[in-house]
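Novice: Here's a structure for you.
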Amino acid sequence: MDKYFKIFLDGYYGYWEYLKSEILYPSWGNYFYWLLGLSLLVWSLELIFPWRKDRPLFRQDFWLDAFYMFFNFFLFSLVGYNAVSNVAVEVFNDFLGLFGITNLVALEVSSWALGYQLLLMFVVADFIQWNVHRLLHRVPWLWEFHKVHHSVKQMGFAAHLRFHWMETILYKSLQYIPLAMIGFGLDDFLILNIFTILIGHLNHANVRLTYGPLKYVLNNPVMHTWHHAKKLPEGSYGVNYGISLSLWDYLFGTHYIPNSGRDEPLGFEDDEDFPQTFWAQITYPWTRKKVS
């Protein structure tokens, strides 16, 4: 027990030191400033080349989404997620040790060229995320958490990171074993994170991009607008589940793009009653019965 408590404390204070370093010492390997820079870049594209031209400088819920962006990427880890997840990994490894399992790696990729490692991690991680995303729509109690993301009423880059913190736990937990089995940990390569953040920002941005023939491979703003559409095809729990890649939706028949969707209303059924503030939204899955 003392070992786990020490890991918890080290994880908590270690992340605090990491976050201070990220903010105080900008560098090319600094994730905090990459997120800030990519956000400013995509926001600039929205302002210079707006798809929906009637939007103000600060669209509806801009500042709420901006807070979600920094909460989900930094503050959530600071308030305990990093420390708890470190303990959870150690407990899991100790549990495997009871059965003599000391290494989960089934495919050793460390000797591969970096580009091949990144490509494999990107494709495997995205396929896992696509499946988790489908679960968020298909399983009723998970959908209550995912409603936070679908409460967006106007698309904009920062809407990318408006999501409930439970989604972080779900995605990371379900990714851990498959990625560990091919020699990857949860600390993804920086270049891969930068690319996926850029794609995610663009998918939610107020710009019209389809990427030509690459639309069958890469997710894009037109396709993702229909994922957020309030009116879904009859009998469907959702469409266009792709995170970075649209490939899975085309392969498994969950793609749906009847038109550009520029003026399509966003949200979900009865979202008029959904809370509008950060605290009310993240507590909604547990308080909704009291409100209704």
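Novice: Roughly what would the spin-label model give for ARG138 and LEU119, points 7 Å off Cα along C-beta, in nm?
Specialist: Label-label distance for ARG138 and LEU119, simple model: 2.9 nm.
Novice: Which residues' amide hydrogens lie under 5 Å from the amide hydrogen of LEU218, considering only partners 5 or more residues apart or on another chain, with H built in the peptide plane?
Specialist: SER246
Novice: Give me the number: length gained by fully extending ARG52 to MET1, i.e. 0.36 nm times residue separation minus the C-alpha to C-alpha distance, one decimal in nm.
Specialist: Numbers: separation 51, 0.36 × 51 = 18.36 nm, distance 5.58 nm.
Taking 0.36 nm per residue and subtracting the Cα distance, the gain is 12.8 nm.
Novice: Could you give the length gained on full extension between GLU108 and LEU78, defined as 0.36 nm per residue of separation minus the Cα-Cα distance, in nm?
Specialist: Working: separation 30, 0.36 × 30 = 10.80 nm, distance 3.22 nm.
7.6 nm is the gain from fully extending GLU108 to LEU78.
Novice: Now a separate question. Select from TYR13, TYR68, TYR31 the residue whose mean-square fluctuation is largest in a Gaussian network model of the chain (Cα-Cα springs shorter than 10 Å).
Specialist: Highest fluctuation of the listed residues: TYR13.
Novice: Shifting gears a bit: Give me THR283, THR102 sorted ascending by neighbouring Cβ count inside 10 Å, so fewest comes first. Please report the intermediate quantities before stating the final value.
Specialist: Working: THR283 13, THR102 8.
Least crowded to most crowded, the residues run THR102, THR283.
Novice: State the number of lysine pairs found in the chain whose Cα atoms come within less than 16 Å, restricting to pairs 8 or more positions apart or on distinct chains. Could the numbers behind the result be given before it?
Specialist: Values: LYS53/LYS153; LYS147/LYS230; LYS147/LYS231; LYS147/LYS289; LYS153/LYS230; LYS153/LYS231.
Lysine pairs meeting the criterion: 6.
Novice: Which parts of the stretch 147-172 would a label at ILE101 reach, counting a residue when its backbone N lies under 11 Å from a point 7 Å out along Cα-to-Cβ?
Specialist: Flagged as within label range: none.
Novice: Turning to a different aspect of this structure: Quick one: compute the contact order of the stretch 2-291, relative version, from alpha carbon pairs under 8 angstrom and 6+ residues apart, as a percent.
Specialist: Details: 338 pairs, mean separation 63.4, N = 290.
For the stretch 2-291, the relative contact order is 22 percent.
Novice: For the chain, what is the calculated [θ] at 222 nm in deg cm²/dmol (nearest 500), taking -39500 (n - 2.57) for each run of four or more DSSP H residues and dividing by its residue count? Mind showing how you got there, number by number?
Specialist: Working: 11 runs with 161 residues, N = 292.
Counting only the DSSP helices, I get -18000 deg cm²/dmol.
Novice: Once Rh for the stretch 111-267 is found with the Kirkwood sum over Cα pairs, what is the Stokes-Einstein diffusion coefficient at 25 °C and 0.890 mPa s, in µm²/s? Numbers along the way, then the final one.
Specialist: Details: Rh = 16.1 Å.
For the chosen part, D equals 152 µm²/s.
Novice: Also: How do SER236, SER246, SER151 rank when sorted from fewest to most other Cβ atoms within 10 Å of their own Cβ?
Specialist: Working: SER236 10, SER246 26, SER151 21.
In order of increasing Cβ crowding within 10 Å: SER236, SER151, SER246.
Novice: In terms of modelled amide H atoms, which long-range or inter-chain residues lie less than 5 Å from the amide H of LEU209?
Specialist: HN-HN under 5 Å from LEU209: VAL222.
Novice: PRE reach from GLU264 (point 7 Å along Cα→Cβ): which of the stretch 35-66 fall under 17 Å by backbone N?
Specialist: Only 51-52 pass the distance filter.
Novice: Related question: I want to verify a result. In a Gaussian network model of the chain, Cα cutoff 10 Å, which of these has the top mean-square fluctuation: TYR15, TYR250, TYR25?
Specialist: TYR25
Novice: If we count every other residue with Cβ under 12 angstrom of GLY261's Cβ, Lys/Arg +1 and Asp/Glu -1, where does the sum land?
Specialist: Details: positive: ARG52, ARG208, LYS230, LYS231, ARG262; negative: ASP263, GLU264.
Net charge around GLY261: +3.
Read-outs: derived from the displayed coordinates by stated rules, not from any lab. Keep in mind the model is a prediction, meaning the values are calculated, not measured. Here the Cβ is made from the backbone with ideal geometry for all residues, glycine too, and neighbour counts use every protein chain on show.
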